[in-house]
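J.: Have a look at the structure that comes next, please.
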Amino acid sequence: MRVRFDRFYTYSELTELLSGWAEEFPTLLFVSSIGLSYEGREIPIATLTNAETGLPEEKPAVFVHAQVHAMEFTGTTAALHLLDHLLHSGDPRVRLARDTRTFYVVPRVNPDGAEAGLADGRFRRSSVRPYPREEPQDGLHRADIDGDGRVLFMRLRDPNGPWKLHPEDARLLVPRAPDDLEGDFYRVFPEGTIRNWDGVTVPIAPALEGLDLNRNWPFDWAPEAEQHGAGPYPTSEPEVRALVQAIVDRPNIGTYVGYHTFSGVHLRPYSGRSDESFPNHDLRAYELMGREATKITGYPAISIFHDFKYDPKLVIRGGDVDWVYDILGAFAWVTEFWSPQRQAGLEGYHAIEWLREHSPEDELAVLRLADELGEGYVDWYPFEHPQLGAVELGGWDLVRFWFNPPPSRLEEEVRPHADLAVFFALCSPLLQITSCESEQIGDDVHRVRVVLENAGWLPTNVTQKALERDAVRPIEVSLELPEAARVVTGKEHEEAGQLQGRVEDRQVTWWGVDHSTKNRTKVEWVVAAPPGTRIGAVARHERAGTARAELTV
Ligand SMILES: [Zn+2]
């Protein structure tokens with residue numbers, strides 16, 4: 001079975017695909033559940049690694065999840081495509097990643113919101129649990145009022161309307177200038193009906209489903225008044241609680257990626273702090289990984305705090321990446337798939353500011369793209385609204401064009417991101433036993449020496465922050481001895497600290513480079529054992545993996 005790009009998956013199609021793969025590739029993919037959604041759906045997690053080369057928990061891991069936000073279907077497609085690629089690709093880098101690393105993929109964190117959104121096309125931010133109020137409020141509620149499966153906009157002529165026709169294409173509406181005194185002016189509402197209308201004013205009702213599951217994380221969380229949708233307390237929502245638990249239950253995770261839409265950017269922490277807050281090593285590693293990410297996907301890699309604030313004076317609170325990075329000390333990323341602006345040929349725009357304000361020329365350029373793709377903008381058509389009377393329906397199809405690429409562009413949009421996930425996996429530390437030898441130093445007495453190396457790019461601790469937070473344990477090396485043998489000198493479980501990676505080695509001539517064998521260490525024991533005894537050595541590090549070796553004295 002291969003992933004499909006011609007449509008977005010329903011929950012049952014998604015679970016069928018996963019279980020089909022688990023059957024087809026029993027040594028590569030294993031499906032389990034991280035918990036139940038609000039409506040009681042299992043939230044599946046796929047664990048992908050070559051079982052013949054070791055257990056998943058004994059390899060460094062990349063954790064990917066998608067569709068925390070209900071209408072961001074592209075993320076799920078990308079997560080499934082990642083699994084598809086890892087299962088089917090014969091690329092030596094993919095084979096190496098499969099053999100030596102683990103991928104945990106949660107293709108749809110919020111199955112309830114996605115299922116509801118697929119069914120009626122109505123925008124929901126996240127889960128379907130009513131919040132902060134149980135009952136719908138008075139005012140206009142978005143809905144597909146003409147039953148065409150789309151929730152668009154309604155426009156009606158109004159001499160005091162804030163919009164006017166675009167001078168070059170009358171399908172578009174642009175802001176009316178202060179001195180635009182004559183002409184056709186319009187008022188615009190989201191498509192929907194008005195609950196308890198007074199016949200005059202049209203308040204826009206807050207969505208009944210007001211939660212934002214990416215504001216419900218246990219870091220810098222803030223209540224409703226300060227951060228909409230954050231929930232009553234951190235991890236109050238079952239989907240977030242399940243995700244947080246799934247992550248802490250897998251201490252081998254060194255890199256974390258959340259798949260979202262839209263903007264065509266890679267986002268990194270912090271959400272709420274400037275880059276000054278980073279330990280230098282971590283910021284440099286982030287920048288280097290970000291540069292490579294841009295090479296692979298074409299998306300700029302930017303800081304949420306510096307470059308992706310929805311409002312210059314407001315920071316996002318209670319989000320995932322700050323918790324993953326700052327508390328666990330793992331590298332955390334958000335991928336925002338798809339930029340209609342970039343596709344339309346625009347350059348040098350600010351991902352968020354552009355949405356707030358841009359020129360009529362830019363608007364027209366994006367409309368041209370929608371025309372070329374054959375979907376995304378619906379020309380206005382008359383409709384008799386049950387309350388407002390004669391209106392026109394039409395305008396941007398946000399869900400099908402802005403929040404997700406149309407199916408014709410879906411595959412090319414998500415494809416490079418599987419390569420990026422493989423790159424992230426290959427960045428991780430990788431503990432190896434490079435030699436395991438003994439030397440006889442007396443009758444039935446031997447010195448056993450185990451040499452360990454970190455063959456990966458990142459240090460075994462992954463981040464500096466992990467050390468600061470005491471979030472990662474040192475390497476532990478143990479001997480496995482049969483009955484007849486015993487340790488004379490040394491501990492059965494020796495700690496071997498952390499090993500550096502290559503990440504800081506950027507220029508041979510830079511005097512700050514540490515040219516020592518910083519990625520290598522040794523552990524020695526004196527062991528009493530009769531000749532011919534088999535001795536095993538095991539080196540474990542939660543983030544760098546487990547390595548085993550054997551020798552005969
Ligand atoms: Zn999102």
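J.: Based on the Cβ-Cβ distance from SER12 to TRP511, what FRET efficiency comes out when R0 is 56 Å, to the nearest 0.05?
T.: On the way: r = 60 Å, r/R0 = 1.08.
After rounding to 0.05, the efficiency reads 0.40.
J.: By how many degrees, between 0 and 90 and to the nearest 10, does the Cα long axis of helix 407-427 differ from the longest principal axis of the chain?
T.: 30 degrees
J.: If you don't mind, another one. Taking the Cα atoms of the range 278-380, report the difference between the largest and smallest coordinate on each principal axis, in whole Å and largest first.
T.: 51, 31, 21
J.: Work out from phi, with θ = phi - 60° and the Karplus expression 6.51 cos²θ - 1.76 cosθ + 1.60, the ³J(HN,Hα) of each residue of the range 537-553, listed in order in whole Hz, and give x for Gly and Pro.
T.: 3J(HN,Hα) across the range 537-553, in whole Hz: 10, 10, 10, 10, 9, 4, 9, 10, x, 10, 10, 10, 8, 9, 8, 10, 7.
J.: Another question, then. Can you give me the angle between helix 11-24 and the longest principal axis of the chain, using Cα atoms only, in degrees from 0 to 90, rounded to the nearest 10?
T.: 30 degrees
J.: So what's the back-of-envelope 222 nm ellipticity for the chain, counting only DSSP H runs of four-plus at -39500 (n - 2.57) apiece and dividing by all residues, rounded to 500?
T.: -7500 deg cm²/dmol
J.: What do you get for chymotrypsin sites (Phe, Trp or Tyr not before Pro) in the range 449-553 restricted to DSSP loop and a cutoff of at most 14 other Cβ within 10 Å of the site's Cβ?
T.: Values: sites: TRP457, TRP510, TRP511, TRP525; in loops: TRP457, TRP510, TRP511.
Hits after loop and neighbour filter: TRP510, TRP511.
J.: Also: Note down the nm distance, to one decimal, between modelled labels 7 Å out along Cα→Cβ at VAL200 and at ALA170.
T.: 3.4 nm
J.: Could you give the spread of the C-alpha atoms of the chain along their three principal axes, from largest to smallest, in whole angstroms?
T.: The Cα atoms of the chain stretch 105, 51, 44 Å along the principal axes, largest first.
J.: May I ask you to list the lysines whose Cα is less than 25 Å away from that of LYS522, ignoring any residue fewer than eight positions away on the same chain?
T.: Correct list for LYS522: LYS59, LYS491.
J.: Determine, for TYR233, TYR38, the number of other Cβ atoms within 10 Å of each Cβ, and report the residues in order from fewest to most.
T.: Details: TYR233 11, TYR38 17.
With the sparsest Cβ surroundings first, the list reads TYR233, TYR38.
J.: For CYS436, CYS427, what's the fewest-to-most ordering of other Cβ within 10 Å of each Cβ?
T.: CYS436, CYS427
J.: What FRET efficiency would be calculated for the residue pair ASP148, SER359, taking the C-beta separation as r and a Förster radius of 25 Å, to the nearest 0.05? Don't skip to the answer; put the middle values down first.
T.: On the way: r = 31 Å, r/R0 = 1.24.
Once rounded, the FRET efficiency stands at 0.20.
J.: Enumerate by residue number the GluC sites (Glu not before Pro) in the range 421-484 meeting two conditions: DSSP loop (anything except H, G, I, E, B), and at most 14 other Cβ atoms within 10 Å of the site's Cβ.
T.: Details: sites: GLU437, GLU439, GLU453, GLU468, GLU476, GLU480, GLU483; in loops: GLU483.
In loop regions of the range 421-484 (DSSP not H, G, I, E or B), the sparsely surrounded GluC sites (Glu not before Pro) are GLU483.
J.: I'd like the distance separating the alpha-carbon centroids of the range 337-354 and the range 407-459, in whole Å.
T.: If we compute the Cα centre of each part, the gap is 38 Å.
J.: To the nearest µm²/s, what D does Stokes-Einstein give for the range 431-552 at 10 °C and 1.306 mPa s, using the Kirkwood radius over alpha carbon pairs as Rh? Let's see the in-between values first.
T.: On the way: Rh = 15.5 Å.
Value of D from the Cα-based Kirkwood radius: 102 µm²/s.
J.: Please report, in whole Å³, the volume per residue of the convex hull around the C-alpha atoms of the range 68-209. The partial results should precede the final answer.
T.: On the way: hull volume 28.8 nm³, N = 142.
Convex hull volume per residue, Cα atoms: 203 Å³.
J.: A follow-up question, please. Filter the trypsin sites (Lys or Arg not before Pro) in the range 276-373 down to the DSSP loop ones having no more than 10 other Cβ atoms within 10 Å, then list what survives. Write down the numbers at each step before the final one.
T.: Numbers: sites: ARG284, ARG291, LYS295, LYS309, LYS313, ARG317, ARG342, ARG356, ARG368; in loops: LYS309, LYS313, ARG317.
Passing both the DSSP loop test and the Cβ count: LYS313.
J.: Where does helix 73-88 land angle-wise versus the long Cα axis of the chain, in degrees 0 to 90, nearest 10?
T.: 30 degrees
J.: Between the range 109-172 and the range 254-316, what's the alpha-carbon centroid distance in Å?
T.: 30 Å
J.: What ³J(HN,Hα) values, in whole Hz, does the Karplus curve 6.51 cos²θ - 1.76 cosθ + 1.60 give for the range 354-363 when θ = phi - 60°, with x put for Gly and Pro?
T.: Taking θ as phi minus 60°, the curve returns 4, 5, 5, 7, 7, 7, x, 5, 4, 4 Hz for the range 354-363.
J.: Return the Rg/Rh ratio of the range 155-297 with Cα-based radii and a Kirkwood Rh.
T.: The Rg/Rh ratio comes out at 1.11.
J.: Let me ask another. Would you tally the net charge around THR77, using a Cβ to Cβ cut-off of less than 13 Å, leaving THR77 out, and scoring K and R as +1, D and E as -1?
T.: -1
J.: Now, a different point. List the residues, sorted by chain then number, that are 5 or more residues from THR193 or on another chain and whose placed amide H is less than 5 Å from its amide H.
T.: HIS141, ALA143
J.: Residue separation times 0.36 nm, minus the C-alpha to C-alpha distance between ARG368 and THR53: what's the value?
T.: Values: separation 315, 0.36 × 315 = 113.40 nm, distance 5.11 nm.
My answer for the length gained is 108.3 nm.
J.: What's the local net charge at ARG356, with K and R +1, D and E -1, over the other residues with C-beta under 15 Å away?
T.: Computed value for this residue: -4.
J.: I want to make sure I understand the PRE zone here: with the label point 7 angstrom from the Cα of GLU375 toward its beta carbon, which residues in the range 330-347 have backbone N atoms less than 17 Å away?
T.: 338-340
J.: Sticking with this structure for a sec: Give me the number: length gained by fully extending GLU287 to MET1, i.e. 0.36 nm times residue separation minus the C-alpha to C-alpha distance, one decimal in nm.
T.: 99.3 nm
J.: By counting other Cβ atoms within 10 Å of each Cβ, how are ARG215, ARG548 ranked from fewest to most?
T.: Placing the least packed residue first, the sequence is ARG548, ARG215.
J.: Separate question: With bins 10 Å wide starting at 0, give me the P(r) of the range 1-82 over every alpha carbon pair, in whole percents.
T.: Each 10 Å bin holds this share of Cα pairs: 15, 49, 30, 5.
Bear in mind these aren't lab numbers, they're just calculated from the coordinates by the rules spelled out. In this text, all values refer to a predicted model and were calculated from it rather than measured experimentally. When we count neighbours, we look across all protein chains shown, and the Cβ atoms used for this are built from the backbone with ideal geometry, even at glycine.
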